[in-house]
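As structure tokens, the structure follows; a few thoughts come after it.
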Amino acid sequence: MSAVREAYLQAALSAAALVGDPAVASAWAKPSALDGFTVAGLAGHLAAQVVNVPRVLRAPAPDGPPVALADHYGRVRWLGADLDAEVNVQIRQGGEALAEAGPRELVAQTGLAVAELRSLLAEEPADRLVSPPAGPWAMLLDDFLVTRLMEITVHSDDLAYSVGVPTPDQPRDVLDPVLALLGELAVRRHGQAAVIRALSRAERAPASITAF
């Protein structure tokens, strides 16, 4: 199994553990740190980065050629869309729907998906193509999993912050591809000089180098 697939399974287990934190259940119906999301909906959105992957793998492989990892974000409809845009409403509704049965059931679903993915990911060839939920294009499976690593890492921070628990530290084999992806997207959005200055020259750093 590739290093990305192993890292993804580690991140998936981390997501399941955070969703199962008692602080999440205690704040289930409260607003989260993300506008429009309850804690339940945000937990559901985090869990979806695991629960939905077996569905992606069960779908027929799309025709290529595959879209490059960073180019995927030039196609997604949610990037730059308003909070009330249809795509963002659908994302929030999907999280709420997945969490509807409650925190215990959500943890169970996530754990079952992790167990299923251990065998599914080991069986897939290196050149396996998938169609991401965001669009009708093709991606290499490992590139798609890097997008899930990013989602899990970012939304784990959102959920932890929302319920007042420490953000889970990810191992380097999870964090490194996430940082590489966010760095590439930040350079594409703001330019190389802005990113270099933000990381090394506080006196002339831009106000933001956010990737999204």
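Looking at (1) over 18 Å from the mean Cα position of the chain (by Cα); (2) farther than 19 Å from Ala40 by Cα; (3) at pLDDT 95 or above, which is the one condition that is false for Val178? That leaves (1) as the condition not met. For Gln90, the criteria (1) out of contact with any helix residue (DSSP H, G or I) (no Cβ under 8 Å at 6 or more places or on another chain); (2) polar (S, T, N, Q); (3) in contact (Cβ under 8 Å) with a residue 24 or more places away in the chain hold in every case but one, which is (3). Going by the structure shown, is Asp127 of a type outside the set (A, V, I, L, M), farther than 24 Å from Ser32 by Cα and not in a helix (DSSP H, G or I)? Judged against the criteria, Asp127 is a match.
Within region 103-147, restricting attention to residues that are among the small types (Gly, Ala, Ser) and closer than 22 Å to Ala70 by Cα, the residue that is nearest to the chain's Cα centre (by Cα) is Ala134.
Restricting attention to region 69-97, the residues that are hydrophobic (A, V, I, L, M, F, W, C), loosely packed, with under 13 Cβ neighbours inside 10 Å and part of a loop (DSSP other than H, G, I, E, B) add up to 1. Restricting attention to region 4-42, the residues being out of contact with any Phe, Trp or Tyr (no Cβ under 8 Å at 6 or more places or on another chain) and either polar (S, T, N, Q) or in a helix (DSSP H, G or I) (or both) number 24. Would you confirm, using the coordinates I've provided, whether Leu141 is in contact with a Lys or Arg (Cβ under 6 Å, 6 or more places away or on another chain), crowded, with 16+ Cβ neighbours inside 10 Å and under 30 Å from Val187 (Cα atoms)? So Leu141 fits the description; yes.
Across region 102-116, not a single residue is classified as charged (D, E, K, R), more than 30 Å from Pro22 (Cα to Cα), touching a residue at least 12 places away in the same chain (Cβ under 8 Å) and assigned to a helix (DSSP H, G or I).
Test Gly44 against the stated conditions and say whether it is under 17 Å from the mean Cα position of the chain (by Cα) and under 22 Å from Ser156 (Cα atoms). Yes: the conditions hold for Gly44. In summary, Ser162 fulfils each of the numbered conditions (1) within 26 Å of Asp71 (Cβ to Cβ); (2) surrounded by 20 or more Cβ atoms within 10 Å (Cβ to Cβ); (3) of a type in the set (Ser, Thr, Tyr) with the single exception of condition (1).
Listed conditions (1) touching a helix residue (DSSP H, G or I) at 6+ places or on another chain (Cβ under 8 Å); (2) over 20 Å from Ser32 (Cα atoms); (3) assigned to a helix (DSSP H, G or I); (4) not hydrophobic (A, V, I, L, M, F, W, C) are all met by Ser119, apart from (1).
The values are calculated or read from the model by the stated rules, or taken from the named source; none is laboratory data. These numbers come from a predicted model, not from an experiment. With ideal geometry, Cβ positions are generated from the backbone for all residues, glycine too; neighbour counts draw on all protein chains shown.
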